[in-house]
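Since the structure comes first, as structure tokens, the remarks are kept for the end.
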Amino acid sequence: MVKSSFIDDLLYAPSYGWKDQNATLIVPTNKQLWSEAFSRLNVFKAKNNWISFVSLLMLIGMLPFFFFFVFKYFTWYWMIAVVVYAMIIMGTHGTIWYHRFCTHKSYGFSHPIWRIITQNLVIKTVPEEIYVISHHVHHCKSDEPGDPYNAQAGFWYCMLAEFNHQRISPNLSEDSYKKAVHFMKHTGVSINSYEQYKKWGSVATPAYTIAIWLINWSFWFTALYLIGGPGLACAIFSAAMLWFAGIRAFNYTGHGGGKEKHRDGVDFDRSNLSINQTRPGLFAGEWHNNHHLFPGSARAGFLPGQLDLAWIYIFVLRKLKMVSWYKDSKKEFLKKYVAQGQVVELAPLTGEDYNKAQLGY
């Protein structure tokens, strides 16, 4: 576990805490988890709950599309579109945008327009801040107390993590807040000043977060309606809602449901519970155990048969000069792990190492 006060204090700790006096993971009851979630969604209690509330509004906003699709526009043709969009298009975009660019800066765009287009290639469901900052903590504390979606604490611990564990702490010092901003400033998100952060409890400004959501949804509803009418629009927005829920489930299954499920010759990193799963790998480029070995790589499909659609997108954009650079760790992976034919136990990451690698100082 990383011994860094910055990382330790970066997220808004839940009322039940991360660990007990013996440094053992606290596993809350489902009642505690839901109670915490409702508390974090209450904008009348505290205005800095706004970002969690916006996430809930996104989900609520997609429900009418889902009901119209199921009860009025359902066809097997549209159902195929739902599956493809949710599992492949949304999944691959999540890897391209949230995971490899916003969080790990594994590649860079040659012009901001290509960044904006990539950001909005699909229907928006997750505010960047919720994903990015907590994911850095996840890599620092994988399967340890403080991991915001620690699979060992159970399914609902992961499913409700967006509300209960992934928010930035509202009590950061100005110096710590500047470090948190470093995680986000390349994404194009409008950033709060420290004074605004103290008011809103977030890195991203509410005006930007809400505006980009409404513009994105307006564009995609109009485009889908013109292409295929209300049936297509309802089907694709339903697919986005299913991905919205599915990404939370992946945080649980991607670490073996909290159990040791590594396979020899497939999962080389045994320092955490992450595993390479076939469906998320083939459909979204999410070869998760590989990713934990080389989080800064724009490619995670290292072994034969590990198709990586996210990498293909990045590689093609590089050929079209829309991406100016990328980092590809496949050769390093093959040399360090596969050529030696051995499983590797990684040494614990120090706070100094992590700050140097991810923060630049």
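The values are calculated or read from the model by the stated rules, or taken from the named source; none is laboratory data. The structure presented is a predicted model; accordingly, all values stated were derived computationally and were not measured. No Cβ is skipped: glycine too gets one built from the backbone with ideal geometry, and neighbour counts run over all protein chains shown.
Numbers below:
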item	result
Single residue of segment 308-340 satisfying the filter (small (Gly, Ala, Ser), surrounded by 11 or more Cβ atoms within 10 Å (Cβ to Cβ) and within 23 Å of Asp269 (Cα to Cα)) that is farthest from the chain's Cα centre (by Cα)	Ser329
Positions within segment 169-227 being closer than 27 Å to Pro64 by Cα, without any contact (Cβ under 8 Å) to a residue 24 or more places away in the chain and aromatic (Phe, Trp, Tyr), in sequence order	Tyr208, Phe221, Tyr225
Count - residues of segment 37-57 that are touching a Phe, Trp or Tyr at 6+ places or on another chain (Cβ under 6 Å), of a type in the set (A, V, I, L, M, F, W, C) and under 14 Å from Asn164 (Cα atoms)	2
Criterion: at pLDDT 95 or above and either acidic (Asp, Glu) or in contact with a Phe, Trp or Tyr (Cβ under 6 Å, 6 or more places away or on another chain) (or both) - qualifying residue of Ala310, Ala298	Ala298
The listed residue being farther than 30 Å from Pro230 by Cα, surrounded by fewer than 14 Cβ atoms within 10 Å (Cβ to Cβ) and in contact (Cβ under 8 Å) with a residue 12 or more places away in the chain, out of Thr24, Thr29	Thr24
Output for segment 100-139, where each listed residue is part of a loop (DSSP other than H, G, I, E, B) and among the aliphatic types (A, V, I, L, M)	Leu121, Val122, Ile123, Val126
Considering residues of segment 55-71 that are surrounded by 18 or more Cβ atoms within 10 Å (Cβ to Cβ) and closer than 30 Å to Val203 by Cα only, the residue farthest from the chain's Cα centre (by Cα)	Met62
Number of the condition not met by Thr125 [criteria: (1) at pLDDT 95 or above; (2) among the hydroxyl-bearing types (Ser, Thr, Tyr); (3) within 30 Å of Tyr225 (Cβ to Cβ)]	(1)
Every pair of residues 6+ apart whose Cβ atoms lie under 8 Å, when the first sits in segment 59-70 and is over 14 Å from Pro230 (Cα atoms) while the second is among the charged types (D, E, K, R) and outside any helix (DSSP H, G or I)	none
Subset of segment 202-215 [surrounded by fewer than 17 Cβ atoms within 10 Å (Cβ to Cβ) and more than 13 Å from Ser55 (Cα to Cα)]	Ala207, Tyr208, Ala211, Ile215
Segment 142-171, residues that are among the charged types (D, E, K, R) and outside any loop (DSSP other than H, G, I, E, B)	Glu162
Lone qualifier among Thr92, Thr103 - being touching a Leu at 6+ places or on another chain (Cβ under 8 Å), β-branched (Val, Ile, Thr) and surrounded by 20 or more Cβ atoms within 10 Å (Cβ to Cβ)	Thr92
Considering residues of segment 143-194 that are within 16 Å of the chain's Cα centre (by Cα), hydroxyl-bearing (Ser, Thr, Tyr) and at pLDDT 95 or above only, the residue nearest to Ser35 (Cα to Cα)	Tyr157
